[in-house]
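Chemist: Handing you this structure, nothing more for now.
Here, each number is a calculation from the coordinates, and none is a lab measurement. Because the structure is predicted, anything quoted here is derived from the model rather than measured. No Cβ is skipped: glycine too gets one built from the backbone with ideal geometry, and neighbour counts run over all protein chains shown.
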Amino acid sequence: MKRIFLIALLGSAFPAMAHRLPMPANAPASYQAECSSCHMAYQPALLPANDWRKLMAGLNEHFGSDATVDPKNGAEINAFLERNGGDPKRLGSAGTPPRITQTRHFTHHHHEVPPKFWRDPRVKSAANCEACHSAAAKGNYSEHDIAIPELRE
């Protein structure tokens with residue numbers, strides 16, 4: 001797949017602290033198993049604890065899907081997300097329902113990306129971190145590793 005690199009475009013947008021965001025060591029196996037069955041298991045620091053609580057409370061209508069988990073796994077995942085949630089002052093509002101892509105932090109770092117990239121069928125949405133950040137699941141969001149698929153016109 002041919003890719004273009006946007007290092008020049010995005011290179012200064014990421015502060016040094018945002019390059020690496022590893023999954024906490026205390027991540028329960030249920031989090032990876034349940035959440036990554038449909039999308040990347042996002043690092044908890046990408047949303048504040050309160051927003052994770054809201055997401056977990058609405059899993060029966062999780063962005064158009066029923067993502068309900070059994071009560072034991074739900075409690076374990078919810079506790080993990082709340083313990084490891086991000087700083088609400090740094091992230092800003094995630095909207096209703098909470099979306100990582102609506103936080104001030106996300107929009108600040110992605111405002112240069114034209115909306116047509118999010119609609120590309122290989123990307124599908126701004127929530128598909130791995131489409132451009134190939135090591136996002138490992139917590140690597142470095143500007144040196146950003147590759148956006150070239151648009152087909």
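Chemist: Using a 10 angstrom cutoff on alpha carbons, build the Gaussian network for the chain and name the most mobile of ASN84, ASN73, ASN26.
Modeler: ASN26
Chemist: Using only the Cα atoms of the range 65-153, build the gyration tensor, take square roots of its eigenvalues as a ≥ b ≥ c, and label the shape rounded, prolate or oblate: rounded if a/c is under 1.5, else prolate if a/b is larger than b/c, else oblate. Display every interim value, and only then the final one.
Modeler: Numbers: a/c = 1.90, a/b = 1.62, b/c = 1.17.
It is prolate, given that a/c is not under 1.5 and a/b is the larger ratio.
Chemist: Considering Cα pairs under 8 angstrom that are at least six residues apart, work out the relative contact order of the chain and quote it in whole percent.
Modeler: 36 percent
Chemist: Run the numbers for THR101 and LEU59: contour at 0.36 nm per residue of separation, minus the present Cα-Cα distance, in nm.
Modeler: Working: separation 42, 0.36 × 42 = 15.12 nm, distance 1.79 nm.
Answer, rounded to one decimal: 13.3 nm.
Chemist: Assuming R0 = 35 Å, can you tell me the calculated FRET efficiency for the pair ASP66 and SER134, based on Cβ-Cβ distance, to the nearest 0.05?
Modeler: The calculated FRET efficiency here is 0.75.
Chemist: Tell me the label-point distance for the pair ASP120, ASN26, using the 7 Å Cα-to-Cβ offset, in nm and rounded to one decimal.
Modeler: 3.9 nm
Chemist: Give the total of Lys-Lys pairs in the chain with Cα-Cα distances below 27 Å; include a pair only if its members are 8 or more places apart or on different chains.
Modeler: Lysine pair count for the chain: 12.
Chemist: As an exercise, identify the chymotrypsin sites (Phe, Trp or Tyr not before Pro) in the range 9-109 lying in DSSP coil whose Cβ has no more than 15 other Cβ atoms within 10 Å.
Modeler: PHE63
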